[in-house]
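Undergrad: Mind looking over this structure? Questions follow.
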Amino acid sequence: MAVFNKEAIHQGNVPCTRRSRAPILYAMDFISPRGKRTGLLLFVFFFLTETERIEGIYSHQTTRRFSSLTQNYFLTHFHSDHYGGLANTWESGIIYCSLPTATLVTEQLGVNRKYLHPLPMNTPTVIASRGKPITVTLLDANHCPGAVMFLFQVGKRNILHVGDFRWNRECMLLPGSPLNGFASEQKNLDDLFLDTTYCNPKYSLPSQAETIEAIQALFLKEMDRCKGSKSCKTLHLFGAYTIGKEKMYLSIAERHNLKVYVDPKRFRILSALNWPKERMALLTTHKEEASVWIVPLGDINMKKLPEYFPQANSKPFATSYDRIVGYRPTGWSMGSKPSSSLVSSRYNGNLAIHSVPYSEHSSFPELVDCLACLKPQRIVPTVNTSKSDEQVATLLKALSEKQTTLPFAAPMEKPR
Ligand SMILES: [Zn+2]
C-alpha cells in the first residue's frame, strides 16, 4: 500500500483517507527532513471515530501543527534518519523511548529532559492517549544500542512497530516474550510496521555471528602478517555509525584483549549506554594506546585511508605504521551475485579494505521468517515506502513458497 505522498506533503497538503470502519488506531509516520530514507521518526497515536491515516515528511513545524492532536511520541532509536527534526526547541510532547535513547537525545540534541520518558524493557506500560489507555511494551530490536520495537495494545488491537530491527527468532521468541503469543496463535497481530531495508530475495545475508567469525579470521591474518617483524606495523580502522556496528569491533577487542581508540565524542555517546565497566575499559581516547581505531564508516575508502597516516605516525607514537587496513561492515557489501566468500577485499600498495556483510537490519529470509512467526494481518513497510505494494507482494510470495496456507488478510486498499 502506498503510505505517503511526498509531493503533497512538501506542498503542505497532508493526504488523508477515510474509511467507514470501526474506531481504530491513528498512525502518523514522521520522516527525516532530508527525505533520503523513508524511515519512521516518531509514532503518534490517538483515537478517531474513523480510520484515518496521515503520513509525510516531518519537520518540527509539522509537529507543532499536529501537537494539538497528541502529546505522545515514540522514538525507536538514536539514528539520524529517525530523529530528524528533534532539537533543543522541542516542546511538542512526551517522547517515549528506551533509557539509552533518552540519554542520547538529551545529551546530543539538547532536548529538555522533562520531555523524555524512558520506559523499562519488556514491561507492559499503560499510558493515556486522548483520555484512553493504551499499553506499550519495549522489546529489543537487535539493531543499535538502545534500539527498541514498540508493541502497542489498543483495546483488542495489537500493533508491532519494529523501528529498525534484525529479526532473530532465537532471541526474540525467548520464553516470556509477548511475541510468543502471536507465534503460538494465542493472540493476533493486527499490524506489523516492518523495516523493509532488504526487501529483496537477493539480500540473503549471513548471520551476524558468521560475519563476526569471518572478520575475526581476517584480523588474525592481518596480525600474522607482521608477526616477528619490528618494522612492520598495521593500523586497523573499523568503520562504524555514530552508534551501531559496536559488536564487530568489540568482538575483536575482547578476543585479543586490545584497546580500541574512539574519539571523545564517540566516547561520550558510548558512555551513555550503561555498558559494563569491563567493556568500557576496552575503550581509550588516546590514539597512541591502540592500533584499532573506530572511524566513520564513510572514511573506509581508498581516498580517505591514507589521510590517517600523518596522524598515526606523528608524536607521541613510538612506532610508525607502515600499513592501514580498513574494515567496512555493511550489508550492502554483499552485492547481488552469489559469492563463495563472505568478505570482499581490495588492495592498493600499503592499503587494504575488507568489506563484510555485517548488518543490523533483517535479511530477506529473516523478514520472511518474522512474518511466518508473527502472522500479522497487515504489513506496513517503513522503508522505500513508494514501493510498499511491491514489497508486500514480494514478501507474501516468498512466504507462500515457505508455507502452504497464507495467514494474511488482503493488503489495505490504496489511499484515494
Ligand atoms: Zn537505525
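Read the figures in this text as sums done on the coordinates, not as results from a lab. Here the structure is a predicted model, which is why all the values come from computation and not from measurement. When we count neighbours, we look across all protein chains shown, and the Cβ atoms used for this are built from the backbone with ideal geometry, even at glycine.
Undergrad: Quick one: which residues, 5 or more positions from M149 or on another chain, have an amide H under 5 Å from its amide H? H modelled 1.01 Å from N in the peptide plane, none for Pro or chain starts.
TA: HN-HN under 5 Å from M149: L139, D140, A141.
Undergrad: Something else about it: Using the structure shown, list the pairs from K245/K265; K259/K287; K230/K303; K221/K303; K202/K247; K375/K402 with a Cα-Cα distance above 20 Å, or answer none.
TA: The pairs that break the limit, which is 20 Å between Cα atoms, are K230/K303; K221/K303; K202/K247.
Undergrad: When ranked by the protection proxy of mean other Cβ atoms within 10 Å per residue, highest first, what sequence do the peptides 218-228, 380-390 form?
TA: Working: 218-228: 13.5, 380-390: 19.8.
Output ranking for 218-228, 380-390: 380-390, 218-228.
Undergrad: Could you give me the ³J(HN,Hα) list for the stretch 120-127, computed from phi with Karplus coefficients 6.51, -1.76, 1.60 and θ = phi - 60°, whole Hz, x at Gly and Pro?
TA: Ordered by residue, 3J(HN,Hα) equals x, 6, 6, 10, x, 10, 8, 10 Hz.
Undergrad: Ranked highest first by the average count of other Cβ atoms within 10 Å around their residues, in what order do 154-161, 184-191 fall?
TA: On the way: 154-161: 19.2, 184-191: 15.0.
Per-residue Cβ counts within 10 Å, averaged per peptide and sorted highest first, yield 154-161, 184-191.
Undergrad: Tell me, what ³J(HN,Hα) does each residue in the stretch 349-360 have, in order and in whole Hz, if you take phi through Karplus 6.51 cos²θ - 1.76 cosθ + 1.60 with θ = phi - 60° and put x for Gly and Pro?
TA: Per residue, the Karplus-derived 3J(HN,Hα) values read x, 8, 10, 9, 10, 10, 9, 10, x, 8, 10, 10 Hz.
Undergrad: Step through the residues of the stretch 189-199 one at a time and calculate ³J(HN,Hα) from phi using the Karplus curve (6.51 cos²θ - 1.76 cosθ + 1.60, θ = phi - 60°), rounding each to whole Hz and writing x for Gly and Pro.
TA: In residue order, the calculated couplings are 9, 7, 10, 10, 8, 10, 6, 9, 3, 10, 8 Hz.
Undergrad: Could you give the C-alpha radius of gyration of the stretch 208-356 expressed as a fraction of 2.2 N^0.38 Å, taking N as the number of residues it contains?
TA: Values: Rg = 15.0 Å, N = 149, 2.2 N^0.38 = 14.7 Å.
Ratio of Cα Rg to 2.2 N^0.38 Å: 1.02.
Undergrad: Also, quick follow-up: Packing-wise, with mean Cβ within 10 Å as the measure, how do 261-269, 358-366 rank, highest first? Write down the numbers at each step before the final one.
TA: Working: 261-269: 16.1, 358-366: 22.9.
Packing proxy ranking, top to bottom: 358-366, 261-269.
Undergrad: How much length, in nm to one decimal, is gained on full extension between E210 and K387, taken as 0.36 nm per residue of separation minus their Cα-Cα distance?
TA: Values: separation 177, 0.36 × 177 = 63.72 nm, distance 3.08 nm.
Stretched out fully, the E210 to K387 stretch lengthens by 60.6 nm.
Undergrad: What spacing in nm lies between the two simple spin-label points modelled at A281 and E307, each 7 Å away from Cα in the Cβ direction?
TA: 3.6
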